[in-house]
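Following: one structure in structure tokens, then a few remarks.
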Amino acid sequence: MQIRRKEWRAIALLVFLAAGILLLMGCNIFYGSISISVSDIFQMLIGAGVDRTAQRIVLDIRFPRALAALFLGGALALSGYLLQVFFRNPIAGPFVLGISSGAKLAVALAMVSLLGRSVRISSATLIAAAFLGALLSMGFVLLMAKRVEHMPMLVISGVMVGYICSAITDFAVTFAEDADIVNLHNWSRGSFSGVSWKDVSVMAPAVSIVFLCVFLLSKPISAYQLGEPYAKNMGVDVRRLRIFLILLSSALSACVVAYAGPISFVGIAVPHLAKRLLGTSQPIWMIGTCFLGGGLFCLGCDLIARTVFAPTELSISTVTAVFGAPVVLWTMAGKRASSAT
């Protein structure tokens, strides 16, 4: 009965998150520096006469941006969940461990070097550069994990790596002369603006494929959470599973950084909140909840970033830090209290 109750709780939470996503998708499309009524949106859908400017704002700017927030927010939360499983610590995440900063550095260097030579950059190139940078940062984190005994020292090492990568990125961007390269300043602070349907057509399938791969690993991950000896007794190839966790987490982080830049705290806060709301850490429920929760979180934060001080727009990382950092502090305080008792 207890298991069934948790299953119904998880299903109800997933339905609630899906409904919240639909609501915030509508809000992100309707509201902004220029408000568009529901009747105008309906006229666009049926092909009736409507203002071309409003049509372009909705279909070419706001709609793809909302989809980007949904998919990339879900990818970031799922990446954080995989890292927390890998390191067995609730404060592990792509931003804190410097993985996002490594991906940002690789993308920035690729854009500076290629755009400076008037070479067009494809979405696949950006994702590949971000993936390489994420893997290099992850490699350094793993190297440090073998040398330090405590997770706080590993987190500090990741934060230092993030600062170093951010400093090099800022240096490269500051001395760039090309106008397109100078626009990297906005990207380097994190933003969903400028996302087109072409970008969505690449990121959505990429994130969906990785999500499916993670979901198929739910049973091995569940066994791994109970300890490596137990997982080995259940027939899980632990070494291969750990490699998959690294690759999938890096791929998700790469997609986010390639299109939206570094976004802070989502990868830590959302998995922790998902676990608290679910009342269980079973991967088969956590994977979907993290993805939907990350999408919902980023949709809400992007709406705030666009509208609160419109027409001035905040960086998405500024808003996610405001709401995500207290969750991280709450997590650390709760962990310390539980260890003290």
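The values are calculated or read from the model by the stated rules, or taken from the named source; none is laboratory data. None of the values given here were measured: they were computed from a predicted structure. Virtual Cβ from ideal backbone geometry, glycine too; neighbours counted across all protein chains shown.
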Inset, instruction - Inspect all residues belonging to the range 80-89 and state whether any of them is modelled with pLDDT of 85 or more, in a helix (DSSP H, G or I) and in contact with a Gly (Cβ under 7 Å, 6 or more places away or on another chain). - result: yes
Legend entry - Members of the range 81-90 that are out of contact with any Pro (no Cβ under 9 Å at 6 or more places or on another chain) and under 17 Å from residue 324 (Cβ atoms): 89
Legend entry - Every pair of residues 6+ apart whose Cβ atoms lie under 6 Å, when the first sits in the range 139-162 and is closer than 16 Å to residue 90 by Cβ and surrounded by fewer than 17 Cβ atoms within 10 Å (Cβ to Cβ) while the second is modelled with pLDDT of 80 or more and hydroxyl-bearing (Ser, Thr, Tyr): none
Legend entry - Hits in the range 290-318 - residues which are of a type in the set (Val, Ile, Thr) and surrounded by fewer than 24 Cβ atoms within 10 Å (Cβ to Cβ): 304, 307, 308, 312, 318
Inset, instruction - Could you tell me whether any residue of the range 275-288 is among the hydroxyl-bearing types (Ser, Thr, Tyr) and assigned to a helix (DSSP H, G or I)? - result: no
Inset, instruction - Please state which of the following conditions residue 252 fails to meet, knowing it meets all the rest: (1) more than 28 Å from residue 318 (Cβ to Cβ); (2) part of a helix (DSSP H, G or I); (3) of a type in the set (A, V, I, L, M). - result: (1)
Legend entry - Out of 260, 269, sole residue that is aliphatic (A, V, I, L, M), more than 20 Å from residue 208 (Cα to Cα) and crowded, with 22+ Cβ neighbours inside 10 Å: 269
Inset, instruction - Please verify whether the range 104-121 includes one or more residues that are within 20 Å of residue 211 (Cα to Cα) and of a type in the set (A, V, I, L, M, F, W, C). - result: no
Legend entry - Where residue 153 falls short, out of the listed (1) modelled with pLDDT under 75; (2) under 29 Å from residue 59 (Cα atoms): (2)
Legend entry - Selection status of residue 22, within 19 Å of residue 193 (Cβ to Cβ), within 30 Å of the chain's Cα centre (by Cα) and at pLDDT 80 or above: no
Inset, instruction - Return the residue satisfying two criteria in turn: it lies in the range 250-267 and is of a type in the set (S, T, N, Q) and closer than 19 Å to residue 70 by Cβ, and of such residues it is modelled with the lowest pLDDT. - result: 264
Inset, instruction - Please state which one of 270, 327 is at pLDDT 90 or above, part of a helix (DSSP H, G or I), within 23 Å of residue 97 (Cα to Cα) and out of contact with any Asp or Glu (no Cβ under 6 Å at 6 or more places or on another chain). - result: 270
